[in-house]
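Shown next, in structure tokens, is the structure this report addresses.
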């Protein structure tokens, strides 16, 4: 079971790293797929900086945790995904629900479960 969790954590980490690189290389196109747009140079810098940092950190640490079989590396990605999901739930409470919100929420929920499982089942370096 641990091997399957490690593989899934590693794959999810790679997904987030690829997403981070996409924000770095094509911030406008990547953001538009998520319903976000940059209005000026600051918006492009924010997409490149903040989204690259968020997904790069989450993905990089998840990959590192899977490779090193060390669940301690998964605590930061777990917290990032949990806070992102919490922000979406707050948005639903304040602004209402839209079905386009479901896919990212599902991805975050799956990542939370995987990172929590990994943090508990991986060995410690």
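The values are calculated or read from the model by the stated rules, or taken from the named source; none is laboratory data. What you see is a predicted model, and the numbers here were worked out from it, not measured in a lab. Glycine gets a Cβ as well: all are built from the backbone with ideal geometry, and neighbour counts include every protein chain shown.
Points to keep in mind about this one:
- Taken over the stretch 30-42, the residue count meeting the criterion of being outside any helix (DSSP H, G or I) and closer than 27 Å to residue 74 by Cβ is 3.
- Any hit, the stretch 82-94, residues being farther than 18 Å from residue 31 by Cα, touching a helix residue (DSSP H, G or I) at 6+ places or on another chain (Cβ under 6 Å) and either surrounded by 15 or more Cβ atoms within 10 Å (Cβ to Cβ) or at pLDDT below 95 (or both): yes
Listed here are the residues, each with its yes/no results for (1) part of a helix (DSSP H, G or I); (2) within 14 Å of residue 8 (Cα to Cα); (3) modelled with pLDDT of 95 or more.
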{"position": "44", "(1), (2), (3)": "yes, no, no"}
{"position": "51", "(1), (2), (3)": "yes, no, yes"}
{"position": "76", "(1), (2), (3)": "yes, no, yes"}
{"position": "79", "(1), (2), (3)": "yes, no, yes"}
{"position": "115", "(1), (2), (3)": "yes, yes, yes"}
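- Among the candidates 63, 106, residue that is surrounded by fewer than 14 Cβ atoms within 10 Å (Cβ to Cβ) and in a helix (DSSP H, G or I): 106
- Here residue 120 meets the list (1) at pLDDT below 95; (2) loosely packed, with under 14 Cβ neighbours inside 10 Å; (3) at negative phi; (4) not in a helix (DSSP H, G or I) almost entirely, failing just condition (4).
- Any hit, the stretch 29-38, residues being touching a helix residue (DSSP H, G or I) at 6+ places or on another chain (Cβ under 8 Å), under 29 Å from residue 122 (Cα atoms) and exposed (fewer than 14 other Cβ atoms within 10 Å of the Cβ): no
- Pairs meeting the criteria (first residue in the stretch 74-94 and free of Cβ contacts under 8 Å to residues at least 40 places away in the same chain and at positive phi, second residue part of a helix (DSSP H, G or I) and exposed (fewer than 15 other Cβ atoms within 10 Å of the Cβ), beta carbons under 8 Å, at least 6 apart or on different chains) are lacking.
- Single residue of the stretch 18-29 satisfying the filter (over 14 Å from the mean Cα position of the chain (by Cα) and assigned to a helix (DSSP H, G or I)) that is farthest from residue 5 (Cα to Cα): 28
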